[in-house]
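No value in this document is a laboratory result; all are computed from the given coordinates. Remember, predicted model here, so these are calculated numbers, not experimental data. Cβ coordinates were reconstructed from backbone atoms using ideal geometry, including for glycine residues, and neighbour counts include every protein chain displayed.
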Amino acid sequence: MATFLYKLGRLAFRRRHFVALIWVALLTLAGVGAASAPAAGSSSFSIPGVEAQKAFDLLEQRFPGSSADGATARVVFKAPDGEKMTDAANRATVAETVKELGDGSEVVSVSDPFTTNAVSKDGTVAYASVAYKVPAMELEDSSREALEATADKAQDAGLTVEMGGDALQPEPETAATGEIIGLALAAVVLVVTLGSMVAAGLPLLTAIIGVGIGVSTITALASTLDLGDSTATLALMIGLAVGIDYALFIVSRYRSELAEGRDREEAVGRAVGTAGSAVVFAGLTVVIALAGLAVVNVPMLTKMGLAAAGTVVIAVLIALTMIPALLGYAGRRIRPAGAKGKLLGRGKAKDSAQGSTKDSAAAKPNMGTRWASFVVRRPVAVLLLGVVGLGAIALPASRLELGLPDDGSQPTSTTQRRAYDLLSEGFGPGFNGPLMVVVDAEDSADPQAAATAVTDEVKGLKDVVTVTPARFNKAGDTAMITVIPDSKPSSTQTEDLVHAIRDAGAGVKADTDAQVLVTGATAMNIDFSQKLTDALVPYLALVVGLAFLLLIVVFRSILVPLKAALGFLLSVLAALGAVVAVFQWGWLAGLLGVEETGPIMSMMPIFMVGVVFGLAMDYEVFLVTRMREAYVHGENPSQAVVTGFKYSARVVAAAAVIMMAVFAGFIGSGESMIKMIGFGLAIAVFFDAFVVRMAIVPAVLALLGKKAWWLPKWLDRALPNVDVEGEGLKTHAESKDTDPDEDRELVRV
């Protein structure tokens, strides 16, 4: 592996014009494809195998033309203080509003609150429901504008009018604020780490080109493959993260090779052969983690994972080829590690500068060396402090409650949240999360009796406020019953009610042969959360297991990959604990601008596992491969730990800070879901990079000594020798010295 990449790096350095032309051509091709591709429609969302999805599909089949997946809106009216909605003037305003709402070309139906009993008991709150022909993502802007204009007109007439429902949610647009902040902070960190504007610019340039190709390709294929905007957003986030990291590690190693006195082409080859090998295997772990999302069996997550994995592959390839080409263009503007002041000259001046650099480095250990030496001297104390500290932070994760955000989690400044609160005030908290009970009586001898039995059973359950009469389809073999819970949609009481209805339906089926299914937005959220929870353990087993096998090949050790996997689990649990403490319990909620606490977003744990696992293994590979390289080259285990930190700690720390900056840029978002993701990923990277990789890992390796690198002889013989440490480069260099034609095309810079 190292020898192949060494040759690839030198080839890209010599043929820099050709390599740069290829990547520019790919970027142009992807951009043209994205610009000429048809506009993507609504991305479908389905959850195969869950009851709520089966009921939803049944409704579309048995109630044709009902637009079961169409957008909906609720226009909520509140009378002025001292008045009732039934007063003549207010009633006339509502009637006029309902009439105007029904004039839209995409509107299927509008309910009149005075004919559908949609007025609160105290008469102060009423609502009108609007149903549309198309899903929310396909709704025309004119329909939304008409809805808002009609509501404003009723507001001007003296009523308080708020609106909820998915019809108000515009098609999401990718906000660039977080990425811009992250890139700006990344640029500062890169300049400080690499000591040069030119060197700092290379990782940013290649990362932008990589995500440009990836996101443009996703946009070009969005209509064909039914890809949503969230797919491109995840690819952008991950592509920037790994693209900057991978290029940073190769550029940093290149500067270290220059400091050893090697010419620029040889330094490029060795940088790609060593750091590039680590890039390949780190990229493989990220691809495994993202592609592994397919085990959840949610098409949307599968597409997101595969698209992001493709962007990571692009980031790896561009780091291995375009970075060497750009280093060739940069020439002497990229200085050796430790070189300061004027650019290095030629001949003796160059040798003198490099000699003073090495002497200075030997005389004054850097911070990584000093920290690693401290950990090696006191490994037990550092290990206990790190494990106990992260374990304590992880404790709140044992109380994790999962759910999906609804209008109740919106900021109080939005009309959706105010409509949610008005409905809760007038009709009870459960009114915002009605349950749809579907009675499939196709095989029943008496469908009407079956529907009546279901209604009676549901009325007798705890936490039920209202059960509407059954509504049959034209064939008379399927009925819909609406159930209003007594608790809010995201509460555990509502979840318990869904399970209770399903249990009661099993008894009805035994008596009447009618199948009872529960669906609706609330039931769909509950089933989705449960499906993700059930998939978490298999997903962890898959990605951690495959990565464990891959790391055995990389490190030729059993204990080092085991330690890497256990450390990752510890950092993820600690991050989940922090998320629960802030977003579910409300600790530091005011500081982070969290207005509403509640269940953690269902996708958060599995999403965090996928993203953080890939980044954690990046840090593990880059840090520990340098330790193994020193060990293979003859250093004792403790000294190898210190050497690894000497050359890698600064770069790994910089990469982690960059990732934290990118993710933390999303904490300021007004959307609770985006805020939660940003906080969770930022804190997870902090725990994994600075506590697990920088403290627990060297402490464990110091305690294990030579045992850390033990591998059974039979397994050692069976495994392929990928040579991530670059040991084979010595042999290649010796053979190259006997073959003068090998260097016939050295580039003069």
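Relative contact order for the range 461-551: what is it in percent, counting Cα pairs under 8 Å that are at least 6 residues apart?
19
Could you tell me how many degrees, from 0 to 90 and to the nearest 10, lie between the Cα long axis of helix 2-14 and the main elongation axis, the longest principal axis, of the Cα atoms of the chain?
90
Pop the C-beta distance of Asp496 and Ala35 into the FRET formula with R0 = 51 Å and round what comes out to the nearest 0.05.
Taking R0 as 51 Å, the efficiency between Asp496 and Ala35 is 0.50.
Find how much the distance from Arg332 to Thr414 grows on full extension, using 0.36 nm per residue of separation minus their present alpha carbon separation; answer in nm with one decimal. Spell out each step's value before the answer.
Working: separation 82, 0.36 × 82 = 29.52 nm, distance 5.54 nm.
So the chain would gain 24.0 nm between Arg332 and Thr414.
Arranged by the count of other C-beta atoms within 10 angstrom, fewest first, what order do Ile209, Ile683, Ile484, Ile218 take?
Going from least to most buried by this count: Ile484, Ile209, Ile683, Ile218.
Which pairs break 18 Å Cα to Cα here: Lys462/Lys509; Lys99/Lys474; Lys563/Lys707; Lys563/Lys713; Lys488/Lys531? Walk me through the numbers before you get to the answer.
On the way: Lys462/Lys509 21 Å; Lys99/Lys474 27 Å; Lys563/Lys707 12 Å; Lys563/Lys713 21 Å; Lys488/Lys531 21 Å.
Listed pairs above 18 Å: Lys462/Lys509; Lys99/Lys474; Lys563/Lys713; Lys488/Lys531.
How are the alpha carbon pair distances in the chain distributed across 10 Å bins from zero to the largest one, expressed in percent?
Reading upward from the zero bin: 3, 13, 21, 21, 16, 11, 8, 5, 2, 0, 0.
Which of the listed residues, Met524, Gly545, Phe472, is farthest toward the dipole's positive end in the range 458-547, when Lys, Arg count +1 and Asp, Glu count -1 at the beta-carbon?
The Cα lying farthest towards the positive end belongs to Phe472.
May I have the extent of the alpha carbons of the range 435-519 along their three principal axes, as whole Å values ordered from largest to smallest?
37, 24, 18
Using a 10 Å cut-off around each Cβ, can you sort Ile318, Ile526 from fewest to most neighbouring Cβ atoms? Display every interim value, and only then the final one.
Numbers: Ile318 25, Ile526 29.
Least to most surrounded, the residues fall as Ile318, Ile526.
Hey, with R₀ at 60 Å, roughly what FRET efficiency would Ala89 and Asp463 work out to, going by the Cβ-Cβ distance, to 0.05?
0.95
If you put +1 on each Lys and Arg Cβ and -1 on each Asp and Glu Cβ, how big is the dipole of the chain around its Cα centre, in Debye rounded to 20?
Value, rounded to 20: 5220 debye.
Tilt of helix 197-225 relative to the longest C-alpha principal axis of the chain, in degrees (0 to 90, nearest 10)?
40
Could you work out how far helix 637-664 tilts from the main Cα principal axis of the chain, as a 0 to 90 degree angle to the nearest 10?
40
With label points built 7 Å along Cα→Cβ from the Cα atoms of Val188 and Leu562, find their separation and express it in nm.
4.3
Determine, for Arg399, Arg335, Arg650, Arg717, the number of other Cβ atoms within 10 Å of each Cβ, and report the residues in order from fewest to most.
Least crowded to most crowded, the residues run Arg717, Arg399, Arg650, Arg335.
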